[in-house]
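No lab work stands behind these numbers, since they all come straight from the coordinates. Model, not experiment: these values are computed from the prediction. Every residue, glycine among them, receives a Cβ derived from its backbone with ideal geometry; neighbour counts consider all protein chains shown.
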Amino acid sequence: MDLDLKPLPARSVVLSLMLGSQPLRWTPAVLVRAGEHFGIPAPTLRVALTRAVAAGDVRREDGDYVLGDRLVRRQRRQDEAVLDAETPWDGTWEMAAVVVAGRSAPERAALRETLTAHRLAELREGLWVRPANLRRPRRYADDPVLVTFTGRPDDGRASVAARLWDLTGWAAEGRRLVDQLQRTHEPALRLAAAAHLVRHLAADPLLPAALLPADWPGAALRSTYAAYQAELRHLASV
């Protein structure tokens, strides 16, 4: 079933453009021209930029626009999902155990968000794990409520991964999103389809090949989105 695609609001267009392509700085003129390509009138886009700056999503730097700190972190996570993020895997898993009780609900939610952003999954309450196959630094290891270590599960490794992540569901949805983007040609709807695809990529657990089902579509999603990023870079350069 196809997605019910709708053009993104002006502010989402701005943020999708800046997150999805690699110019670190966008001039106002280039953003306005790009917005018009997606059907956003110049006055509407300028209002969206003002609101994005007020919210901290974007900031001004020497007259240009750059991503705010929160979205820089999000872009780093997006790029990790698109680029080659893996190292050879020796069968070990990284683990983080919560050892401090009595934390507030916001503190627990923030830690959960951090661990999820590092692509760990919760094996049981307070114990987060994943294969130790990623290049990214383990910034979560500095959190004082955690004890971190590596080890090897006694259970079959693939069966552990299948319990932690819905690999079949992720793969099916990924194939659907690739097909949707490839069949969508109207610029505003194409941007909306790409936004769905990159959000799905952000949830890719980036597991070693030995733990993945046959015909895993991760590479197809990454190459499809990378091709769309090239379209955005071209749009920023003309």
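Data table
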{"read-out": "Residue-span extension gain [A227 to F149] - 0.36 nm each, minus C-alpha spacing", "value": "24.3 nm"}
{"read-out": "Where only C-alpha atoms are counted, convex hull volume of the chain per residue in Å³", "value": "147"}
{"read-out": "Contour excess over end-to-end distance, with Cα ends at E61 and A121 and 0.36 nm allotted per residue", "value": "17.8 nm"}
{"read-out": "Computed [θ] at 222 nm, deg cm²/dmol, the chain (DSSP H ≥ 4; -39,500 (n - 2.57); rounded to nearest 500)", "value": "-16500 deg cm²/dmol"}
{"read-out": "Lys/Arg +1, Asp/Glu -1 at C-beta; the range 166-228 dipole; positive extreme among P217, Q180, G169", "value": "Q180"}
{"read-out": "Segment D79-A29, extension gain: residue separation times 0.36 nm, minus the distance between their alpha carbons", "value": "15.4 nm"}
{"read-out": "The range 166-228: proportion of alpha-carbon pairs further apart than 14 angstrom, %", "value": "52"}
{"read-out": "J(HN,Hα) series, the range 33-46, from Karplus relation 6.51 cos²θ - 1.76 cosθ + 1.60, nearest Hz, glycine and proline x", "value": "5, 5, x, 4, 4, 9, x, 9, x, 4, x, 5, 5, 5"}
{"read-out": "Within the chain: Cβ-based charge dipole about Cα centre, in debye rounded to nearest 20 (Lys, Arg +1; Asp, Glu -1)", "value": "480"}
{"read-out": "Using a Förster distance of 22 Å, the FRET efficiency for E86-A172 (Cβ separation, nearest 0.05)", "value": "0.45"}
{"read-out": "Positive-end extreme of charge dipole, the range 1-124 - chosen from G56, H118, V99 (charges on Cβ)", "value": "G56"}
